[in-house]
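Chemist: First the structure, which I've put down as C-alpha cells, then a few questions once you've had a look.
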Amino acid sequence: MAQTNFSFKAEMWKRLKKNRGALFGLIVIIIAVLISIFGYIIAPDNSPNADLQTVEIQAKKPGYLQQFLKIPSGASSESNLFDEFITGKKNNFQLVPIKGYSISGDSLMANKFIDDDTTVVQYFSINQLTNGNPAAITRNIIIKKYWLGTDKFGRDILSRLIIGTRVSLAVGLIAVLISITLGIILGALAGYFRGWIDEVIMWLVNVTWSIPTLLLVFAITMAMGKGFWQIFIAVGLTMWVSVARLIRGQVMAIKEMEYIQAANALGLKNSRIIIRHILPNILGPVMVIAAANFATAIIVEAGLSFLGIGIQPPQPSWGLMIKENYNFIITHNPLLALIPGFAIMLLVLAFNLLGNGLRDAVDVKTPSAP
C-alpha cells in the first residue's frame with residue numbers, strides 16, 4: 001500500500017513538472033510565500049504595517065527620489081528580533097522631507113519640502129540631531145527611492161505591497177483550512193451513511209449555496225465585526241459547500257468498491273474505514289479544489305477590503321490599497337491602483353494554473369506525455 005502511494009505521488013509529480021503553466025504557478029506561489037515570511041526584512045519601510053507616512057510626498061510616481069532629514073524622536077523603540085520579524089520595527093525617529101541643507105556653526109538649516117514649488121526654511125540643533133555627536137551629522141541626511149511610488153498618505157507602495165502579501169496568503173490559507181475541514185467532515189458523513197444524515201447535510205448545503213457568496217460574507221462579517229480574524233472565518237464559512245458536494249460524490253463512488261466492502265465484512269469501524277481507506281484515496285480532488293478555493297478567497301478578501309468591511313487600515317491589504325488609490329486611475333498616477341490589482345491578478349492566476357495542473361496530474365485516465 002505504501003509502495004503504491006509512493007509510486008502514485010512520483011507519477012503525479014512527474015506529470016506536474018511537465019505542465020509549464022502549473023510549474024509557473026508553483027514558482028509564483030513559492031516566491032509569494034517567501035516574501036510574506038521575510039516581508040519586514042526585505043521591505044524598504046520596515047515599520048509596523050509599513051505605515052511610515054510623509055504627507056508632503058503623497059501620490060508620487062514610481063522611481064521617485066526624496067532627500068530626508070532624520071530627526072530622533074526620543075521615544076523608546078525596544079523590541080526583540082522576533083517581534084521585528086513578525087510585526088516590524090517601531091521607529092524612534094521622524095523623517096522630514098527636504099530640498100537641500102547647509103550647516104552654520106552648531107545649527108543645520110534645512111529647506112523643508114512642502115510641494116514641488118514650495119519650501120520652508122527650518123533650523124535644527126546639530127547636537128540634538130546627533131545626540132551630542134556633531135561629526136555624525138551626515139548620517140541624519142538620507143535619500144530614499146520609492147520604486148513603486150507613494151500613496152495618498154506618502155507611504156511606500158512597494159513596502160505595503162510586500163507586507164500585504166501576508167494578508168492575502170493568510171486569508172487564503174485559513175479560509176481553505178476551514179472550508180476543507182468542514183467540507184470533508186460533512187461530505188464524508190453524507191456520502192458514507194446516506195439516509196437522513198445525507199438529506200440533512202445536503203439541505204444545509206443547498207440553503208447555503210442559494211445565498212450569494214458576497215451577501216453571506218457581508219452578513220457574517222457584520223455579525224462578527226470588522227477585523228483581521230473575522231474576515232478569515234467569514235470567507236472560510238462560505239466556501240465549504242463546494243468541498244462537501246465534491247467529497248460526498250467521491251465517497252459514494254469509493255464506498256461501492258470491493259476493498260471497502262471487504263473492510264465492512266471484516267467488521268472494521270466506520271470511522272476507520274472513512275479515515276484510513278476512503279479519505280486517502282480522494283486527496284487528489286481535494287488538492288485541486290483547495291487550490292481553486294485559495295484563489296477565490298484572495299479575490300473575496302480583496303473585494304471586501306475594497307468595500308471597507310474587510311481588513312481595516314492601517315494594516316496593508318491589496319484590496320484596501322486599490323480603494324485608497326483608485327481615484328488616481330483617472331488622474332495623473334494610475335499605477336498606484338493598478339500595481340496592487342496586478343499583484344492580485346498574478347497570485348490568483350498562479351493558484352488557478354496550479355489547480356489545473358494538479359487536476360491533470362491526479363487524473364490517472366489521462367496518458368502521461370513521453
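Bear in mind that the values in this text are calculations on the coordinates, not laboratory data. Just so we're clear, the structure is a prediction, and the values are computed from it rather than from any experiment. Virtual Cβ from ideal backbone geometry, glycine too; neighbours counted across all protein chains shown.
Chemist: Once you compute Rg and the Kirkwood Rh from C-alpha atoms, what is the Rg to Rh ratio for the stretch 60-152?
Modeler: Answer for the stretch 60-152: 1.02.
Chemist: With everything on Cα atoms, drop me the angle between helix 195-210 and the longest principal axis of the chain, reported from 0 to 90° to the nearest 10.
Modeler: Tilt of helix 195-210: around 30 degrees.
Chemist: Give the aspartates and glutamates whose C-alpha is closer than 19 Å to that of Lys89, dropping any in the same chain fewer than 8 places away, or say none.
Modeler: Counting by Cα, and skipping residues close in sequence, Lys89 has these aspartates and glutamates nearby: Asp45, Asp51, Glu78, Asp156.
Chemist: Can you give the helix-only mean residue ellipticity at 222 nm for the chain, where every DSSP H stretch with n ≥ 4 adds -39500 (n - 2.57) and the sum goes over all residues, rounded to the nearest 500 deg cm²/dmol?
Modeler: -18500 deg cm²/dmol
Chemist: I've got another one for you. Shape call for the stretch 193-249 from the C-alpha gyration tensor, a ≥ b ≥ c root eigenvalues: rounded (a/c under 1.5), prolate (a/b greater than b/c) or oblate?
Modeler: Prolate, because a/c is 1.5 or more and a/b exceeds b/c.
Chemist: Where in the stretch 236-258 does the amide nitrogen come within less than 16 Å of the point 7 Å from the Cα of Thr213, taken along Cα to Cβ?
Modeler: 236-246
Chemist: Any idea what the relative contact order of the stretch 60-152 is, in percent, if you count C-alpha pairs under 8 Å spaced at least 6 apart?
Modeler: This gives 38 percent for the stretch 60-152.
Chemist: With the convex hull built on the Cα atoms of the chain, state its orientation-averaged projected area in nm².
Modeler: 25.0
Chemist: For the stretch 115-169 and the stretch 17-94, compute the distance between their C-alpha centroids and round to whole Å.
Modeler: A separation of 13 Å, based on Cα centres.
Chemist: Take the residue pairs Lys90/Lys226; Lys60/Lys226; Lys70/Lys99; Lys70/Lys323 and return only those whose Cα atoms are more than 20 Å apart.
Modeler: From Lys90/Lys226; Lys60/Lys226; Lys70/Lys99; Lys70/Lys323, over 20 Å: Lys90/Lys226; Lys60/Lys226; Lys70/Lys323.
Chemist: Sticking with this structure for a sec: Considering Cα pairs under 8 angstrom that are at least six residues apart, work out the relative contact order of the chain and quote it in whole percent.
Modeler: 21
Chemist: Length gain on complete extension for the stretch Trp229 to Trp203, per 0.36 nm per residue less the alpha carbon to alpha carbon distance?
Modeler: Computed gain between Trp229 and Trp203 is 6.5 nm.
Chemist: Quote the charge dipole size of the chain about the Cα centre in Debye, to the nearest 20; the model charges only the Cβ of Lys and Arg (+1) and of Asp and Glu (-1).
Modeler: 860
Chemist: Can you order the peptides 276-288, 102-114, 293-305 by their average number of other Cβ atoms within 10 Å per residue, highest first?
Modeler: 293-305, 276-288, 102-114
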